[in-house]
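Please read the structure below before turning to the comments.
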Amino acid sequence: MTKTVNSASPFKSLRDKAMMVKFQDSVWGGQRRDRAVTADVATRYETKKTKVGYYNKFLVPKDRLEKRIQTGLDARRFHNTNTLPWLDDGVRILPSANYQDYISGMRKRASAALAAEREIYENWDDIVKEGMMLLGKMARLEDYPSLDDIKTRFSFEVIVLPLPEVADWRVDIPKKDLALLQKQAEQTLAAVQQDGLLELAQRLLAVVEHCHTRLSDPESTFRDSLFENIRKMVVLLPKLNLVNDPQLEAIRKEVEEKLGKQVAAEVREDPGMRSKTAKDAAAIMKKMNAYMQQ
């Protein structure tokens, strides 16, 4: 997919309507390698080397950490859904148009993470006792972090930064080298914007394809979420369409009109409507595939 970004300076254009954002989530794994058991297993099975494997034990029941783990995973999904790819290291692009929804959603998840962590801290002594009971002879109190230490094993952080101002770079290198770096940076950013556009197209295509797959088979069942997910996507996509690509927007509107307005119960009860909706989805898929191959 190759499209031209309508801007003499993609960095300047993007700085006006987006920022960089990074989400960092850290959760204590609740595991520890038991060297004594590892050595015992190696001896028992007469292995030639002790390092043919390791024995890692779970210090606490998994369900004691599950709420916090799932909160972090939910936040990661939300973060990825509401941002666009940048370069690497987990940094992504957050369009200004989606800033309020993103920050509100992440604050809600941060509160849930904090509540889950507080539940762990308040019950830490009981959690340790329960874990040691389950481990039996493998239990060692020294394997467990103290309450103060366990509080350092969790973190939930959102870092928002402005995009770099390439035109105003001030570095002590020859002017010709600086000009080359600026040109390369702008080319990189143009590619980043195209990658973001491609990702949006792929997201939209995915929900349309799923709709077509479910509806084209008269015997296939589907949930209400089939159309709910389409409606969520057509609402989110304009907020992430940084280059305001008119073709993608036209396809989005068609998806909204022909698929997003469907009511699951009505489609289930009307074979004719089901067939027509499946055909509409197939026609949109054809347009999207052509669009992505340009």
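Of all residues assigned to the range 128-139, at least one qualifies as being modelled with pLDDT under 95, in a helix (DSSP H, G or I) and open to solvent by 80 Å² or more (accessible area, probe 1.4 Å). Say whether the condition of being free of Cβ contacts under 8 Å to residues at least 24 places away in the same chain and in a helix (DSSP H, G or I) is met by at least one residue in the range 82-96. For the range 82-96, residues free of Cβ contacts under 8 Å to residues at least 24 places away in the same chain and in a helix (DSSP H, G or I): absent. Within the range 240-276, being farther than 15 Å from residue 228 by Cα, β-branched (Val, Ile, Thr) and open to solvent by less than 30 Å² (accessible area, probe 1.4 Å) holds for one residue alone: 251.
Of all the residues in the range 20-51, those that are crowded, with 17+ Cβ neighbours inside 10 Å and of a type in the set (A, V, I, L, M) number 4.
Of the residues examined, residue 231 is one that is surrounded by 15 or more Cβ atoms within 10 Å (Cβ to Cβ), in contact with a Lys or Arg (Cβ under 9 Å, 6 or more places away or on another chain) and in a helix (DSSP H, G or I).
Exactly one residue out of 286, 258 is farther than 14 Å from residue 200 by Cβ, in a helix (DSSP H, G or I), more than 26 Å from the chain's Cα centre (by Cα) and without any contact (Cβ under 8 Å) to a residue 24 or more places away in the chain: that is 286. Kindly check whether there is at least one residue in the range 52-61 that is in a helix (DSSP H, G or I) and open to solvent by less than 30 Å² (accessible area, probe 1.4 Å). No, the range 52-61 has no match at all. If you go through the range 140-162 and pick out every residue that is open to solvent by less than 60 Å² (accessible area, probe 1.4 Å) and part of a helix (DSSP H, G or I), you end up with 3.
The values are calculated or read from the model by the stated rules, or taken from the named source; none is laboratory data. All figures in this text were calculated on a predicted structure; none of them were measured in a lab. Glycine gets a Cβ as well: all are built from the backbone with ideal geometry, and neighbour counts include every protein chain shown. For the accessible areas, the whole protein counts, side chains as well, though only heavy atoms, and no ligand, DNA or RNA atoms are used. Shrake-Rupley method; radii C 1.70, N 1.55, O 1.52, S 1.80 Å.
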